[in-house]
Amino acid sequence: MRTTSTDYPFRSGQLRRAGVLMKLPRVVIAAVVWLLVIEALPGPAAWGALAIVVVGTAVGVVAEPVIVGLVWWARRPSTPRAVPGDPGVRVLVTGRRIAGIGQAGRRHLVVPATWTGRTDLPALLTRARQRQLVSAGRFDVAYQWFIWPWQLLAASAAGFAHGMTRLPLIGFAWHLRIGVAGIAVWQTVVAGQRAATVGIVVVIGLTYLLPWTRARYERLVSQALADLERRSAKDAAPATRRPVVPPVRPTATHVGRRRWTSARRRGLEPCGQWRSPARLVTCTGEGSRGRAHDPKTSGRKGSRS
């Protein structure tokens, strides 16, 4: 069955709100990181960094392929690839180590270079395109450009935290960080350090908020994809029509008598005579040829006396 982009629904309002809730704290953190970097640089370098942020974000809106190539280190493959049934999507290849097919905005899919020889790549591209049409937003490429300092910081912090949590005391303190943070907040409040109090609350809150927003967003995307698959399976099922049953029309009746037909009694052939509700006998009169009729008849061809 041919698959086109019109087969898939747009993002629901709930999914859009979940996407905004997931992206907003990361945008705020990235903005803080950019400000710290710009503040730490000397004059010309600071203006250069600010220009990179502003111009790159604008280019991510109006010229997505440029930013996609820079952020994902992506290029066109030597053998052109396409999503089955959706030639408008650009399939690019990257040498970066990524877990699977990445989506870049609404019109780009990024495939790891090690996956280009897979036989199931068309099916994987179709699946990635479905997810892209369900979840991709208009400014996703600009968003990816703006938060790349946060992504770099998060990747480094995640690696460090993963190594530190292997230590028994550190891992135990991380799982009980809300209690540790409560003690730290109380100490800073007593000491009158308001800035430190706000910083601790924000950092600890983000350690809970960021994973929750990501998990909620992924859950809604999975539900949308499941609904899409059920709808596609329903549309692909052959349509069956119910048999048309003709209406049953009642047989015309007469007062005290009715015409004999084969539909009323099996095994008897009509002789064309009127009969009464009394029992039937076999007619032996001339021209009747053994047909059933009313016994109370006489004369030629069983006419009534």
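Estimated from the Cβ-Cβ distance and a Förster radius of 22 angstrom, the FRET efficiency linking F139 and L41 is about 0.25. Return the whole-Å distance between the Cα centroid of region 69-115 and the Cα centroid of region 118-151. Spelled out, the Cα-based centre of one part sits 9 Å from the other. Students often get this wrong: which residues of region 86-127 have the backbone nitrogen under 18 Å from the point 7 angstrom along Cα-to-C-beta of A233? Inside the label zone: 127. Using the Cβ-Cβ distance between R107 and R216 with R0 = 22 Å, the FRET efficiency computed as 1/(1 + (r/R0)^6) comes to roughly 0.25.
Please label the shape of region 12-231 as rounded, prolate or oblate, based on the square roots a ≥ b ≥ c of the eigenvalues of the alpha-carbon gyration tensor (a/c under 1.5 means rounded; beyond that, a/b larger than b/c means prolate, else oblate).
Values: a/c = 2.10, a/b = 1.56, b/c = 1.35.
Note, shape of region 12-231 comes out prolate.
Placing +1 on the Cβ of every Lys and Arg and -1 on the Cβ of every Asp and Glu, with nothing else charged, gives region 12-231 a dipole about its Cα centre of roughly 540 debye. 3J(HN,Hα) along region 108-115: 9, 10, 10, 9, x, 4, 6, 9 Hz, from the Karplus curve 6.51 cos²θ - 1.76 cosθ + 1.60 with θ = phi - 60°, whole Hz, x for Gly and Pro.
Classify region 93-135: rounded, prolate or oblate, from the alpha-carbon gyration tensor (a ≥ b ≥ c, eigenvalue square roots; a/c under 1.5 rounded; otherwise prolate if a/b is larger than b/c)? Don't skip to the end; give the middle numbers.
On the way: a/c = 2.39, a/b = 1.33, b/c = 1.80.
Since a/c reaches 1.5 but b/c is at least a/b, the shape of region 93-135 is classed as oblate.
Amide H contacts of V83 (H built 1.01 Å from N, in plane; Pro and chain starts excluded): V89 sit under 5 Å, all sequence-distant by 5 or more or on other chains.
Read-outs throughout are calculated quantities, based only on the coordinates presented, and are distinct from any laboratory measurement. Nothing here was measured: the structure is a model prediction, and the numbers come from that model. No Cβ is skipped: glycine too gets one built from the backbone with ideal geometry, and neighbour counts run over all protein chains shown.
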